[in-house]
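First comes the structure, then the notes that go with it.
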Amino acid sequence: MRKLTIIVVILVLSPLLIHAQTELDSLLKSLQGPQSDSSRFVTFIRISEASEFYDFQKARVYAEEASRLAEKIDKPWAYARIKFRLGTLESTEGDFADALRFDQECVNLYGALGDSTELARSMNDVGQDYRFLGAYADAYATLTKSYSIAKSSHRVPTHGDSLIMAIALHNMGSVFTELGQYDIALSHLTVSMELSKKLNDKEGEPYSYSEMGEVYRRKGDFAKAEEVLQTGLRESKLMKIRLLIPRIMTTLARLYADQKDYMKALTYYDSVESQCTAVNNRYGLALGKLGRGNVLSVSGKEDEALQLYLESLQISKEMNSQNLELECYKELSKSYQSRKEYEKALTYLQNYESLKEHLFSESSIERLFQDQVRFETANKDTEIAALSQLRMQQTTEIRRQELIQNVLVIVIALVVILLFTVYRSGSRRKRINKLLLEHQQEIKRRSADLEQLNEVKDKFFSIISHDLRSPMNALGATLDLLEQQHISPDEFRTLTRTLRSQFNHTRTLINNLLDWTLLQMDKLKIQPERIVISQKVTESFKALNELFPKNITMENNVDDGIEGFADPNILNLVLRNLILNAIKFTQSGGRIEVSAIKGDKEITIAVADTGIGIRPEIQKTLFEKTSGYSTRGTANEKGTGLGLILSKEFVEKNGGRIWLESTPEKGSTFYFTLPRAV
């Protein structure tokens, strides 16, 4: 499923992927100086490429600027370059019909220019567009032409040509996956993966794992599928291949659904939806809606599933993605049949059979396999020839490295002599003394940090030994009395209410302890996204009101239009800790209000209550790690002080601040900030 575009962007623009913002600033700054139209055109293309997975809309804006300059330059190379960029943006969004239009224009332009490498690359992209649109015979024919051009016998293939050959083989394998020819697919994918390894094409491996995982899933080898998919996902995240991550997650979601692990499947579909939404990848969204509908259908939620099928079908039709449209017809027919709406079920079944006949007609499949026979006959020695060429390149590279190593030995020897001379000078001794002083200061700082960590550890174990032991002992004693029939039903109901209160406290404590532990071990990864704050407040009110009923009025005064940029789990944790704190110290009949103010760069959220307030001397220590101040609430609720400490650390992890204002006997207001969604 790999598209050559992403490989080229990674190879050419790897500094952008590592230091994206710095590079973007540098590129934008270069536009302020004098440049020719050609230089400005190339700069806008590079800015668009660097912005693609960080701010997709800006990537489009910069591509449009480049397009206007291409018209002004009026040269074939400029038109080819911008068409390639626009095709890439369309494929990132999942609109393969528009991507095909741009990629075909690239083929025509590079063909006229006589640039065989770029022609082969563009034809590879055209083949992938056909494959996602369900035109498998056209896809395979185009991919074989791309491979043949890259391997052209009238010249020695370059590294770029060999890379195109590896990717073309991979994409041919993906075509056979869709046709159910799994052994043929695996053979293409295996050769592609080996060639990528020889080329040191590190991005090739996760793409191969992704497609192989899909093959194993369809074959029913679930254990092997999960192994290779998880490996591919891990490597994709390490290399930040952002287009591939949601594809692998979608396949994993389908895999877990196949194994009836529906909760895990829905979790992966949630991640896919958020990532595809970020770059408006409509193909990925349609695929995710279809998969989520399948999970909901087997869970008995037929109405929700039907709506998702219809939404997926609408997107598929808009993109002319016939392979995805085919799946939608099949699931809609089954859905209406289960609802006993047989007329609609029959209509969708007829649509399914008609489209299936079009996509998998005997003539098109026969043409595809004839192309395969011709391709294999013409390229039976492809692997040997390619690997022989690579060995020659590797031999040349080894000789070059040996020369560099010899030069480095001489340079290192000269550096050692120079360092020895400097060491004997007075300035060298001064620098050493300075370094020693800095080292001592660093040791002192680390000692202080260790002291604080030791206090944190003591606090942690104190909480565990006291606050967890008490409710466990109470529960054990109650169960003993119940077993021995020493308590009446009325007494048991009274004890049940008490145990429920202790259980709610213990559950909150355990959740906070686990989150705090992850935070201290630096194992908690922050994944911010756009969040409608009022929805999270409503969810927190509902959850806490059910767990801690106390006849307190809760008001959500956050405007529905206010959106922040934060990790949803962090926002949930902070809101629930602050609201729970307000519930604890507010008398029955009181009021809790959550509001938000939108600033230029950040959102300020306030959680206010009409409770008993906090004394000034206590306010200063509430957020200190080693303090852990706690007191019982108005209904004798227990606390550990850990919630506020944890809230502070999570808010700061998300780039915000937290503080409070409080007047004894009148109430308290806790404020925290988070970045505003752009």
Dividing the surface of the Cα convex hull of region 70-217 by four yields a projected area in nm² of 9.0 nm²
In nanometres, what is the gap between the two model label sites at Ile443 and Trp77, each 7 Å from Cα along Cα-to-Cβ? 6.2 nm
I'd like the distance separating the alpha-carbon centroids of region 558-575 and region 24-42, in whole Å. 38 Å
What Kirkwood Rh does region 529-675 have if only Cα atoms enter the pairwise 1/r average? Answer in Å. 15.3 Å
Quick one: which residues, 5+ away or cross-chain, put their amide H under 5 Å from the amide H of Glu602? H built at 1.01 Å from N. Arg676
Shape verdict for region 249-317, please, from the Cα gyration tensor: rounded (a/c under 1.5), prolate (a/b greater than b/c) or oblate. oblate
Under a 5 Å amide H to amide H cut-off, with H placed in plane at 1.01 Å, what residues pair with Glu555 once short-range neighbours are removed? Ile592, Glu593, Val594
How far, in nm, would the chain grow between Ser488 and Val532 when pulled straight, counting 0.36 nm per residue and subtracting the alpha carbon separation? 10.9 nm
Euclidean distance between Cα centres, region 117-140 to region 242-260, Å: 24 Å
For Thr267, Thr621, Thr250, what ranking results if the residue with the fewest other Cβ atoms within 10 Å of its Cβ goes first? Thr621, Thr267, Thr250
Which length gain, in nm to one decimal place, applies between Asn569 and Gln57 when the Cα-Cα distance is subtracted from 0.36 nm times their residue separation? 181.7 nm
At a 10 Å Cβ-Cβ cut-off, how would you order His439, His170, His159, His188, fewest neighbours first? His439, His159, His188, His170
Specify whether the C-alpha gyration tensor of region 277-362 places it in the rounded, prolate or oblate class, a ≥ b ≥ c being the square roots of the eigenvalues: rounded for a/c under 1.5, otherwise prolate if a/b is larger than b/c and oblate if not. oblate
What are the ³J(HN,Hα) values, in whole Hz, obtained from phi via the Karplus relation 6.51 cos²θ - 1.76 cosθ + 1.60 with θ = phi - 60°, for each residue of region 224-238 in sequence order, with x given for Gly and Pro? 5, 4, 5, 4, 6, 5, 5, 4, x, 5, 4, 5, 5, 5, 4
³J(HN,Hα), Karplus 6.51/-1.76/1.60, whole Hz, each residue of region 552-564, x for Gly, Pro: 10, 6, 10, 10, 9, 9, 8, 4, 4, x, 8, 10, x
Please arrange Arg657, Arg40 by counting, for each residue, the other beta carbons lying within 10 Å of its beta carbon, fewest first. Arg657, Arg40
For region 529-675, please report how many Lys pairs fall under 19 Å Cα to Cα, leaving out neighbours fewer than 8 apart on the same chain. 17
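Coordinate-derived values only; no laboratory data. Here the structure is a predicted model, which means the values were calculated and not measured. All Cβ positions, even for glycine, are placed from backbone atoms using ideal geometry, and neighbour counts span all protein chains on display.
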